[in-house]
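The values are calculated or read from the model by the stated rules, or taken from the named source; none is laboratory data. All values reported here derive from a predicted model rather than from experimental measurement. Here the Cβ positions follow ideal geometry from the backbone for every residue, glycine too, while neighbour counts run over all protein chains shown. In case anyone asks, the SASA skips ligands and DNA or RNA and just uses the protein heavy atoms, side chains included. Shrake-Rupley method; radii C 1.70, N 1.55, O 1.52, S 1.80 Å.
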Amino acid sequence: MAIYEFEPNNLTLHGSFARDMTPIAIIDPGDTVLYQTLDASWIKEFQTSLRQPPGRRADLGEYWRPRESPRDDGHALVGPIAIRGAIPGKMLSIRINRLIPGKWGWVSPWFGTPIEEKNNVPVILWRLDADRMVGRNSMGQTVALEPFMGVMGMPMDEPGFQSTTPPRMTGGNIDCKELVAGSTLYLPIDVQGGLFSVGDGHARQGDGEVGGTAIECPMDLVDLTFDLVDKPLINTPYAHTPAGWITFGFDEDLQVAHDKALLAMQNLMMKFFRVDEMVALALMSVVVNFHVTQSVNDVKGVHAILPHGALR
C-alpha cells in the first residue's frame with residue numbers, strides 16, 4: 001500500500017468543503033496519508049512568548065496569506081483527497097494511526113462573543129511536550145495531552161462552498177475527544193471520490209468544548225489510513241475507539257442530537273447482540289454512556305459510548 005505526505009501550502013490548504021474542489025491526490029483503499037496541519041485559525045508562524053500571561057488572539061503570530069473568501073473562511077484544512085471506488089452509499093473508514101501535536105497551543109473563551117470582539121478575548125497559551133504528552137500553560141498549570149483532530153470530513157452533494165463550522169452526516173467539525181490514535185471513524189460518502197479533508201488539531205478538550213475552543217494547536221503528524229466499507233454496521237457516522245464503540249447525533253436541537261445518537265446506538269446493539277429494538281434500549285440503559293460532544297458549533301453534537309467489555 002502506498003504512503004503519501006502532505007504539508008500545509010497554497011495548494012493543499014482550504015477553509016471549506018465543496019463537491020467541486022479539485023483533489024490534491026487520488027489514492028487507493030488501504031493507502032496511508034501523513035499530514036502536517038496548521039492550527040484551526042491559520043497561524044503560519046507563532047510569535048508569542050509562551051511565558052507571557054493571557055493575551056489577545058490577534059497577537060498570537062503571523063497568519064497564512066493569501067486567503068480567498070469564501071473558500072478559505074473556515075478552519076485551516078489540508079486536502080481534499082479522493083479515494084478510488086468511493087461512491088455514495090459506501091462508508092469511508094479512517095483509521096487514526098498516530099497523532100503528534102506541535103510545540104504550542106492556545107485556548108480562548110470566545111463562545112458567545114460578538115464576532116467583532118473575538119480577536120480581543122483573552123488567550124491562554126500552552127507549551128506542548130509531545131514526548132511526555134504534557135501541556136503547561138502560561139500560568140503554570142499542566143494537563144496530560146490527549147490529541148485528536150476536530151475536523152475530519154467530506155462535502156455533501158450540494159452546490160457551493162460548505163462551512164467547516166457544523167458537523168454533518170459526512171463528518172466535518174465533529175470535535176469528539178474520543179477520536180484519539182487507535183480509533184477508526186466511519187463516515188457516509190455523499191460525493192464521488194469522497195474528497196476527505198482534515199484539520200483543527202486539538203491537544204486536549206473536555207466534552208462540550210464549552211468555551212468554544214480546545215487547546216488549539218498545529219499538528220506535526222496526522223497519520224491516517226483510508227478504506228471503503230460496502231456494508232457498514234449502520235448508515236450514520238460511528239467509530240471504534242479505545243473507549244468503546246461510538247455513535248453520533250448532530251442537530252441544532254441538543255435533544256434531537258441525543259435522540260439521533262440513541263437510535264444509532266440502538267441499531268448497533270441490535271446487530272451486535274441479536275436482540276430486538278426494545279431489548280436493545282433496555283440494555284443501553286445499563287451500559288451505554290451519553291456525552292455532549294460539543295455545544296458550540298451551531299449544530300450540536302451528542303455521542304453515545306458502548307465501552308468495550310461492558311456487556312459480555
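Quick one: pull the percent of accessible area on the chain belonging to carbon and sulfur, 1.4 Å probe, ligands and nucleic acids left out. Let's see the in-between values first.
Numbers: 7080 of 13650 Å².
So the carbon and sulfur contribution to the accessible surface is 52 percent.
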Worksheet entry | HN-Hα J in Hz across segment 299-312 - Karplus 6.51, -1.76, 1.60, θ = phi - 60°, x for Gly and Pro | 8, 7, x, 10, 10, 9, 10, 9, x, 4, x, 5, 10, 9
Worksheet item: Among 201-208, 39-46, what's the highest-first ranking by average C-beta atoms within 10 angstrom per residue?
Response: 201-208, 39-46
Fill in: Extent along principal axes [Cα atoms of segment 119-165; Å; largest to smallest]
48, 30, 11
Worksheet item: Which ³J(HN,Hα) values in Hz, rounded to whole numbers, follow from the phi angles of segment 245-258 under the Karplus curve 6.51 cos²θ - 1.76 cosθ + 1.60, where θ = phi - 60° and Gly and Pro get x?
Response: 7, 10, 10, 10, x, 10, 5, 5, 9, 4, 5, 5, 4, 4
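222 nm [θ] for the chain, helices only, -39500 (n - 2.57) per DSSP H run of 4+, per residue, to 500? Display every interim value, and only then the final one.
Values: 2 runs with 31 residues, N = 312.
Result for the chain: -3500 deg cm²/dmol, rounded to the nearest 500.
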Worksheet item: For segment 275-285, what does the Karplus curve 6.51 cos²θ - 1.76 cosθ + 1.60, with θ = phi - 60°, yield as ³J(HN,Hα) per residue in whole Hz, taken in order and with x for Gly and Pro?
Response: 10, 7, 5, 6, 5, 4, 5, 5, 5, 4, 5
Worksheet entry | Relative contact order (percent, whole number), the chain, Cα cutoff 8 Å, 6+ residue spacing | 22
Discussion item. Give me, ordered by chain and number, the residues 5 or more places off Lys44 or on other chains with an amide H under 5 Å from its own placed amide H.
Written reply: Glu62, Tyr63, Trp64
Worksheet item: Using all Cα-Cα distances in segment 94-210, what percent lands in each 10 angstrom bin from 0 up to the longest?
Response: 13, 37, 33, 16, 2
Worksheet entry | Along each principal axis, Cα extent of the chain, largest first, Å | 57, 40, 38
Practice prompt. Would you give the gap between the C-alpha center of segment 235-312 and the C-alpha center of segment 1-49, rounded to a whole Å?
Written response: 30
Worksheet entry | Cut-off 9 Å between beta-carbons: net charge of the residues surrounding Ala214, Lys and Arg +1, Asp and Glu -1 | -2
Discussion item. Under the rule of at least 5 residues apart or a separate chain, name every residue whose amide H is placed under 5 Å from the amide H of Ile174.
Written reply: Met152
Fill in: Under-5 Å amide H pairs with Val121, H placed in peptide plane, nonlocal only
Arg57
Worksheet item: Ordering Lys90, Lys260, Lys231 by how much accessible area each has at a 1.4 Å probe, largest first, what is the list?
Response: Lys231, Lys260, Lys90
Response to the item:
re segment 177-312: pairs of Cα atoms spaced beyond 22 Å account for a percent value of 42
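Excluding Ala2 itself, calculate the net charge of residues whose Cβ lies under 12 Å from the Cβ of Ala2, where each Lys or Arg counts +1 and each Asp or Glu counts -1. Write out the running numbers ahead of the final one.
Numbers: positive: Arg84; negative: Glu5, Asp28, Asp31.
Net charge in that neighbourhood comes out at -2.
Could you work out the local net charge near Thr142, counting Lys and Arg as +1, Asp and Glu as -1, over the other residues with Cβ closer than 14 Å to its Cβ? All intermediate terms of the calculation are to be shown ahead of the outcome.
Values: positive: Arg127, Arg132, Arg136, Arg204; negative: Asp129, Glu146.
Result for the neighbourhood of Thr142: +2.
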